[in-house]
Amino acid sequence: MCGIVGYVGNRGSLDVLVGGLKRLEYRGYDSAGVAVIDPEGRLGTRKHAGKLGVLTDDLGATPLADGHTGIGHTRWATHGGPTDENAHPHLGDDGRLALIHNGIIENFGELKDELAAAGHTFSSETDSEVAALLVGDAYRATGDLTQAMLQVVNRLEGAFTLLAVHAEQPGVVVGARRNSPLVIGLGEGENFLGSDVAAFVAYTRRAMEIGQDQLVTIRPDSVEIVDFGGAPVDASTFEVDWDASAAEKGGWSSFMAKEISEEPEAVAKTIIGRVDDGLVRIPELDGLDEGFLSTIDRVVVIACGTAAYAGMVGKYAIEQWARVPVDVELAHEFRYREPVLGPNTLVVSISQSGETMDTLMAVKYARKEGAKTLSICNTQGATIPRESDAVVYTHAGPEVAVASTKAFVAQITAMYLFGIQLGQVRGTLDDARARELVRELQAVPDKLATVLATGDRIRELARWMADTQSVLFLGRHVGYPVALEGALKLKELAYIHAEGFAAGELKHGPIALIEPGQVVFVIVPSPRDTNSLHAKVVSNIQEIRARGARVIAIAEAGDAAVLPHADEVIRIPLASPFFEPLLAVVPLHIFGMELAAAKGLDVDQPRNLAKSVTVE
Ligand code: AGP
């Protein structure tokens, strides 16, 4: 949600702050603001409700004195609506301190009462202003911004990333995090802070992680990290594996169009470095010693939204290949039902952003209950990987569009790699079968490229259906989660009612929805399957066609059985049943995007949504 940027160095900080906030726009927000300390030691701030353009227009019309120390923020409203007053930064110490905040301070009410009793007045409805006033008071008492922040963070409950600057300490930005994202960008004679690496990747790709309950003080030539007890902490650095251009649209009409085109590469890059002599060897799983892998008696996948559907696809494969029971749970439901977890349970979280609060809190619960945790994540240095025993990064590159596409296929790829290695370790996959699966997986990127070529026909379909009010999606086995994903894309992009069903469920109720003209996408299993699901799904198509449905079938090249029954057939290349989801989902991603575009909607930043939901 909120975007956070901090800078100290020799550049004009305003350009760095605004440029960083622009690259963080995808996180979703409804107000923006900056604070800068100018060379005379004066603190200037500017903030506005609305998109970043409102702020930059104002800065253009009424320039703010620039300097070399500053913080910037884009806010997604939680406490208090998206107004100029509620926008960040908030001030303390009579306007000499500025602070920005991401997250929710759960005990802000009692702290606000304490401040009011001490004579403070408030200019906003936010919990963040309470933090600004507290740090300002602590600065007055300590004369040091780091010590002031340290005092205050130990009084806060909830989730927060805080950055602060003080007019009396130009060249210093102090940041602190708990259950909320913050990473450090390491430059030459300059340093950066950001809610993710996109904030500073234009200037440096050297980054450093900040752990839970840690506080960082950056100066142009130093970075000091301490825990909330004040003890120095060592932190690991990493190299960001994409550059600023990757985070730009690169000539595409939208980030989503660019990212769909990158789906083949996302799969290929997620495989690289994880196959050795034809077998799967995921180096990062060393974080879970091999002895543990062979003792796993249950896998629980926790995730939200699209990531959960990737987990559902993975479930079928892991159970088939490793013969281990796999449960897929929505993270926000998991924690509150007090699930039974054991020492041989592996909890696998799937998250593109690595900051989804629902998933993060579920991971923390699982660890507290003694389960081992594995993170499948697309964002290096994110919070969820840092809270897990091991992490398998998907290498899909930055996914900027709010609707997840390339991350989805990369997440399935990572789940498949894990399932194959687990099968190898447990002996349920012999080498020959494992190598065969690996070859199938390695062939997917080329097949994805073939599917992408069907985009023009799908665009025509979408334009023809621009006034559609309801679309259903049917799938079976690994096609069922694909149906759910196709429906979610239509909801979040085209704002129309869409629902995914297990095809076998049709006769148990949903078929009552079928009326003349009802559009139904059907993901058709391979006719080469051995469990007759293909025949069953073709029967489903006949049943709904008989009731007037308009059927768009996604079917394997050469599958003739669907032709007489579907109004439209979108072909995908031949692939073994388990690999079909990686191919069948692409037309649904394209369709969702094209229908939104045909309706003139914002494909990259749909209404009400944020790229990373960092509040519960
Ligand atoms: C997907 O298109 C949605 N934007 C949403 O469901 C997303 O998948 C979900 O919020 C999980 O996000 P994460 O992968 O970053 O944890």
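Which of the residues that make up region 37-52 are open to solvent by less than 30 Å² (accessible area, probe 1.4 Å) and under 30 Å from the mean Cα position of the chain (by Cα)?
Across region 37-52, the qualifying residues are Ala49, Gly50, Leu52.
Can you pull out the residues in region 58-79 that are surrounded by fewer than 18 Cβ atoms within 10 Å (Cβ to Cβ) and small (Gly, Ala, Ser)?
If the condition is that a residue be surrounded by fewer than 18 Cβ atoms within 10 Å (Cβ to Cβ) and small (Gly, Ala, Ser), then Gly60, Ala61, Ala65 are the ones that fit.
Within region 229-241, is even one residue closer than 20 Å to Gly185 by Cβ, of a type in the set (A, V, I, L, M) and without any contact (Cβ under 8 Å) to a residue 24 or more places away in the chain?
Start the filter on region 229-241 by keeping residues that are closer than 20 Å to Gly185 by Cβ, which leaves 233-241.
Now drop any that are not of a type in the set (A, V, I, L, M), which leaves 233, 235, 240.
This time we only want the ones that are without any contact (Cβ under 8 Å) to a residue 24 or more places away in the chain, so: 233.
The answer is yes; a qualifying residue exists.
Just one of Tyr29, Tyr7 is outside any helix (DSSP H, G or I), crowded, with 18+ Cβ neighbours inside 10 Å, of a type in the set (Ser, Thr, Tyr) and modelled with pLDDT of 95 or more; which is it?
Numbers: Tyr29 fails: modelled with pLDDT of 95 or more.
Criteria check complete, one pass: Tyr7.
Are any residues in region 262-289 surrounded by fewer than 17 Cβ atoms within 10 Å (Cβ to Cβ), within 15 Å of Val392 (Cβ to Cβ), in contact with a helix residue (DSSP H, G or I) (Cβ under 9 Å, 6 or more places away or on another chain) and touching a residue at least 60 places away in the same chain (Cβ under 8 Å), and if so, which ones?
Arg281
(1) within 27 Å of the chain's Cα centre (by Cα); (2) at pLDDT 95 or above; (3) open to solvent by 20 Å² or more (accessible area, probe 1.4 Å): which one isn't true of Arg205, the others all being true?
Condition not satisfied by Arg205: (2).
Evaluate region 175-186: report whether one residue or more is within 23 Å of Lys611 (Cα to Cα), in contact with an Asp or Glu (Cβ under 6 Å, 6 or more places away or on another chain) and open to solvent by less than 10 Å² (accessible area, probe 1.4 Å).
yes
Kindly check whether there is at least one residue in region 342-352 that is open to solvent by 30 Å² or more (accessible area, probe 1.4 Å), modelled with pLDDT under 95 and within 16 Å of the ligand (Cβ to nearest atom).
So far as region 342-352 goes, no, none of its residues is open to solvent by 30 Å² or more (accessible area, probe 1.4 Å), modelled with pLDDT under 95 and within 16 Å of the ligand (Cβ to nearest atom).
Are there any pairs, at least 6 apart or on different chains, whose C-beta atoms fall under 7 Å, with the first in region 388-399 and farther than 25 Å from Arg367 by Cα and the second part of a loop (DSSP other than H, G, I, E, B) and open to solvent by less than 30 Å² (accessible area, probe 1.4 Å), and if so, which?
If the second residue must be part of a loop (DSSP other than H, G, I, E, B) and open to solvent by less than 30 Å² (accessible area, probe 1.4 Å), the pairs left are Ala396/Asn378; Glu399/Gln352; Glu399/Asn378.
Name the one entry in Leu99, Leu115 that is over 23 Å from Ala610 (Cα atoms), in contact (Cβ under 8 Å) with a residue 12 or more places away in the chain and of a type in the set (A, V, I, L, M).
After applying the criteria, what remains is Leu115.
Filter region 354-377 down to the residues that are near the ligand (Cβ under 9 Å from one of its atoms) and open to solvent by 20 Å² or more (accessible area, probe 1.4 Å), then identify the one that is farthest from Asn344 (Cα to Cα).
Thr356
Yes/no matrix, rows are residues, columns are (1) of a type in the set (Ser, Thr, Tyr); (2) open to solvent by less than 10 Å² (accessible area, probe 1.4 Å); (3) assigned to a helix (DSSP H, G or I); (4) in contact with a Pro (Cβ under 7 Å, 6 or more places away or on another chain):
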{"position": "Ala407", "(1), (2), (3), (4)": "no, yes, yes, no"}
{"position": "Tyr416", "(1), (2), (3), (4)": "yes, yes, yes, no"}
{"position": "Ala432", "(1), (2), (3), (4)": "no, no, yes, no"}
{"position": "Leu437", "(1), (2), (3), (4)": "no, yes, yes, no"}
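All but one of (1) closer than 30 Å to Asn10 by Cβ; (2) among the β-branched types (Val, Ile, Thr); (3) surrounded by fewer than 19 Cβ atoms within 10 Å (Cβ to Cβ) hold for Thr121, so report the exception by its number.
Against the list (1) closer than 30 Å to Asn10 by Cβ; (2) among the β-branched types (Val, Ile, Thr); (3) surrounded by fewer than 19 Cβ atoms within 10 Å (Cβ to Cβ), Thr121 comes up short only on (1).
Please pick out the residue among Val603, Val551 that is under 30 Å from Cys304 (Cα atoms) and without any contact (Cβ under 8 Å) to a residue 40 or more places away in the chain.
Sole residue among the options that is under 30 Å from Cys304 (Cα atoms) and without any contact (Cβ under 8 Å) to a residue 40 or more places away in the chain: Val551.
May I ask you to say which residue of Gly419, Gly397 is more than 13 Å from the ligand (Cβ to nearest atom) and at pLDDT below 95?
Gly397 is the lone residue from the list that is more than 13 Å from the ligand (Cβ to nearest atom) and at pLDDT below 95.
Please name all residue pairs, on different chains or six or more residues apart, with Cβ atoms under 7 Å, provided the first residue is in region 1-16 and is closer than 13 Å to Ala65 by Cα and the second residue is of a type in the set (Phe, Trp, Tyr).
Between residues of region 1-16 that are closer than 13 Å to Ala65 by Cα and residues that are of a type in the set (Phe, Trp, Tyr), the close pairs are Ser13/Tyr7.
Do we have any residue at all in region 314-333 that's within 16 Å of the ligand (Cβ to nearest atom), open to solvent by 60 Å² or more (accessible area, probe 1.4 Å) and either out of contact with any Asp or Glu (no Cβ under 9 Å at 6 or more places or on another chain) or among the charged types (D, E, K, R) (or both)?
yes
Looking at this structure, is Leu55 of a type outside the set (S, T, N, Q), crowded, with 18+ Cβ neighbours inside 10 Å, modelled with pLDDT of 95 or more and closer than 26 Å to Ala198 by Cβ?
yes
In the set Pro63, Pro82, which member is more than 30 Å from Pro220 (Cβ to Cβ) and of a type outside the set (Gly, Ala, Ser)?
Details: Pro63 fails: more than 30 Å from Pro220 (Cβ to Cβ).
It is Pro82.
If you take the residues of region 297-313 that are away from the ligand (no atom under 14 Å from the Cβ) and of a type outside the set (Val, Ile, Thr), which of them is least open to solvent (accessible area, probe 1.4 Å)?
Among them, the one singled out is Arg298.
Taking region 323-357 only, how many residues are closer than 10 Å to Val300 by Cα and assigned to a strand (DSSP E or B)?
9
Yes/no matrix, rows are residues, columns are (1) of a type in the set (Val, Ile, Thr); (2) in a strand (DSSP E or B); (3) farther than 16 Å from Thr405 by Cβ; (4) open to solvent by less than 20 Å² (accessible area, probe 1.4 Å):
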residue	(1), (2), (3), (4)
His477	no, no, yes, no
Pro481	no, no, no, yes
Leu484	no, no, no, no
Glu499	no, yes, yes, no
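The values are calculated or read from the model by the stated rules, or taken from the named source; none is laboratory data. Since we're looking at a predicted model, the values are computed, not measured. We place every Cβ from the backbone using ideal geometry, glycine too, and count neighbours over all the protein chains shown. Surface areas here come from the heavy atoms of the whole protein model, side chains and all, with no ligands, DNA or RNA. Shrake-Rupley method; radii C 1.70, N 1.55, O 1.52, S 1.80 Å.
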